[in-house]
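K.L.:
Encoded as structure tokens, here's the structure I'll be asking about.
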Amino acid sequence: MVNYRRARISCATFFFTVTLRERSSYALTDHIDALREALRTVKRRRPFRIDALVVLPDHLHTIWTLPDNDGDFSGRWRAIKGGFTRALKRRSVTLERDRRGEHDLWQRRFWEHMIRDENDFVRHVDYTHYNPVKHGLVARPVDWPWSSIHRYVRHGLAGVACAVRTK
């Protein structure tokens, strides 16, 4: 088995991409309330700050800042994915199983990048918020309902230049 090297640094900020196995799925946006509940539940048990987030039909991008003395983002993702999967099962959503017997909903791994500095942070926030435009889902980032860009605009935070950018 491959041993993936992950930076387990407490109080660090990370950018993540987490993807469903079936790239044509709309499960994340069709069941956005279940995803929100899974995120809330994990945040209550294992706090972290969501600095930016966008949920697309088949994947999401998010930036988290972890608390002091706890760099375990993998455990948090495992719990979020599991909570979302269980919620779909309770709703009688048909979920296939893979050869290991695991539900075949999520890609097993995820992409993470440790944010290095303020410029890196702004670039990743902009990338996160612009992603629905990149995928042809909307013309402007502010037109996508499942994005933290609305909070950024409301609070006049830096990094919202892409809010008015068009295709």
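The values are calculated or read from the model by the stated rules, or taken from the named source; none is laboratory data. Everything quoted here is computed from the prediction, not taken from an experiment. Positions of Cβ are generated from backbone atoms using ideal geometry, with glycine treated the same way; all protein chains shown enter the neighbour counts.
K.L.:
Could you go through region 107-119 and let me know if any residue there is of a type in the set (Phe, Trp, Tyr) and closer than 26 Å to ASP72 by Cα. Write out each step before concluding.
P.N.:
At the first step, the residues of region 107-119 found to be of a type in the set (Phe, Trp, Tyr) are 110-111.
Of the ones still in play, those that are also closer than 26 Å to ASP72 by Cα are 110-111.
Looking for residues that are of a type in the set (Phe, Trp, Tyr) and closer than 26 Å to ASP72 by Cα, one finds at least one in region 107-119, hence yes.
K.L.:
How about region 1-20: which of its residues are closer than 16 Å to GLN107 by Cβ and either part of a strand (DSSP E or B) or modelled with pLDDT of 90 or more (or both)?
P.N.:
If the condition is that a residue be closer than 16 Å to GLN107 by Cβ and either part of a strand (DSSP E or B) or modelled with pLDDT of 90 or more (or both), then PHE16, THR17, VAL18, THR19, LEU20 are the ones that fit.
K.L.:
Right, next: Looking only at region 118-131, count every residue that is touching a residue at least 40 places away in the same chain (Cβ under 8 Å) and either within 20 Å of TYR26 (Cα to Cα) or surrounded by fewer than 17 Cβ atoms within 10 Å (Cβ to Cβ) (or both) and tell me the total.
P.N.:
Qualifying residue count for the region: 3.
K.L.:
Those residues that are touching a Gly at 6+ places or on another chain (Cβ under 6 Å) and either of a type in the set (Gly, Ala, Ser) or buried (at least 20 other Cβ atoms within 10 Å of the Cβ) (or both), I need them from region 8-34; list them, please.
P.N.:
SER10
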